[in-house]
Amino acid sequence: MTTNKPVLLSGIQPSGQLCLGNYIGAIKNWVGLQNDYDGIFLVVDLHALTVKQKPSELRNRCLSFLAQYIACGIDPGSNLLVIQSHVHQHTELAWVLSTLAYMGELNRMTQFKDKSTKHQENINAGLFTYPVLMAADILLYQADLVPVGADQKQHLELARDLAQRFNQRYSDTFVVPEPFIPKQGARIMSLQSPESKMSKSDTNENNFIALLDPPDTIRKKIKRAVTDSFTDIQYDEENRPGLANLLVMYAEVAGMEIKQVVQQFENKCYEVLKSELAEVIIELLKPVQSEYHRVIQDKKYLSDILSNGAENASYRARKTISKVYRKIGLVPRVQ
Ligand code: ATP
Ligand code: LTN
């Protein structure tokens, strides 16, 4: 499947449970952009290995994430859905790019700093070179646009720098990818500690809404979300981050501007905002969950999608990697 449309590529690592932050910051935009692009959506299982995973859970989660992409509205008929490890050129290109990436620039990556603080017992080399593998994911398919949340901006800049560095050293080879980061909703915050971002692998499940959470769990989690001791409804990200986060979530889920949400809840109390927010989230997730439960049962359907994805993606990946190997001076293997 090759089209004349520009290439859109993104991915999520199968760690934890897909959450509302991932949906609002990334998946929602994948769905909105898919018709205008040649889309490639990855389940980046090799990235997930940078944090300890239980093998049986990782295996199930890859299929579950795939089914959730589809349930959220990604059309497998017009996009490629690919498990990263099915296309071995990702790691091959990552090696080449790692010889162009400087220790200093990887050292500056805030995600590396955050993750090494969180996982002090396992600061592995993969965690450090993680952004190089991400650059390989993107450059391998000559992606034009990469829709992600705000936390990935720095990684995207590295991918652009590496593409430009390679092009300058060896002549034009890679498309320099553009990030697509939404103006609103690019950083949904944790429900219990609204000064840090909502994360799907947070050990405290009360910090996030999982896309597969049942309605009562959603009601409970939103009700318990940390706010402040004021009583009026105003958007003030700096001084009232918990409330601001609820307003952003409402706006994103209901398809409104923050201003409109503030107006709608003017003179109402936090309880009302919280209970109505829970209901709009439940409404959003109801069709996603029922589609998920249908799709996840159909293993043949999912494995056909993956085999088509791997085949098409491998074809494109082979083209890029052989060009790269030729340009850097590796001797081609005689068939
Ligand atoms: P983990 O906790 O396992 O590190 P995560 O929730 O931070 O996971 P990623 O796999 O790192 O999620 O990110 C998947 C996509 O979701 C990326 O595009 C990322 O920018 C986006 N994203 C992650 N968290 C948020 C958030 N809180 N708000 C908006 N977008 C987010
Ligand atoms: N590092 C990303 C996940 C990711 C990705 C990608 C996103 C891996 N490869 C390629 C976009 C394009 C994250 O969200 N943690």
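Every read-out reported here was derived from the displayed coordinates using simple, explicitly stated rules and does not represent laboratory data. Predicted model, so just to flag it, every value in this text is computed and none were measured. Positions of Cβ are generated from backbone atoms using ideal geometry, with glycine treated the same way; all protein chains shown enter the neighbour counts.
Here are some notes:
- Helical contribution to [θ] at 222 nm, DSSP H n ≥ 4, -39,500 (n - 2.57), averaged over the chain, rounded to 500: -16500 deg cm²/dmol
- Distance between modelled label sites at residue 239 and residue 171, nm, 7 Å Cα→Cβ extension: 6.1
- Of 200/274; 200/220; 52/223, pairs whose Cα-Cα distance is over 27 Å: 52/223
- Set of the range 282-312 residues, backbone N closer than 17 Å to the point 7 Å along the Cα-Cβ line of residue 260: 284
- Averaging over all projection directions, the Cα-based convex hull of the range 1-110 occupies 8.3 nm² in the image plane.
- Placing dummy labels 7 Å off each Cα toward the beta-carbon, the span from residue 267 to residue 325 is 7.1 nm.
- Here the range 101-150 yields Rg over Rh of 1.02, to two decimals, using C-alpha coordinates and the Kirkwood radius.
- Farthest toward positive dipole pole in the range 272-335 [+1 Lys/Arg, -1 Asp/Glu at C-beta], among 315, 281, 331: 331
- Near residue 197, the amide H atoms lying under 5 Å from its own belong to 190; only residues 5 or more places off or on other chains count, and H is placed 1.01 Å from N.
- Charge context of residue 98, other residues only, Cβ under 15 angstrom, K/R +1, D/E -1: -2
- Span-like helix check, the chain: qualifying full DSSP H segments, with Cα axial length of 24 Å or more and mean Kyte-Doolittle of -0.5 or more, are 55-72, 270-295.
- Computed as a quarter of the hull surface, the mean projected area of the alpha carbon convex hull for the chain stands at 18.2 nm².
- Summed residue charge, Cβ within 15 Å of residue 316's Cβ, Lys/Arg positive, Asp/Glu negative: -1
- Global geometry of the range 77-186, whether rounded, prolate or oblate, following the gyration tensor of its Cα atoms and the 1.5 cut on a/c: rounded
- Extension gain, residue 314-residue 123: 0.36 nm per intervening residue step, less the Cα-Cα distance, totals 65.6 nm.
- Mean Cα-pair separation over length for the range 185-237, i.e. relative contact order, pairs under 8 Å, 6 or more apart, %: 30
- Cross-link reach list, aspartates and glutamates versus residue 268, counting only Cα pairs under 17 Å and skipping chain neighbours closer than eight places: 228, 232, 236, 276, 279
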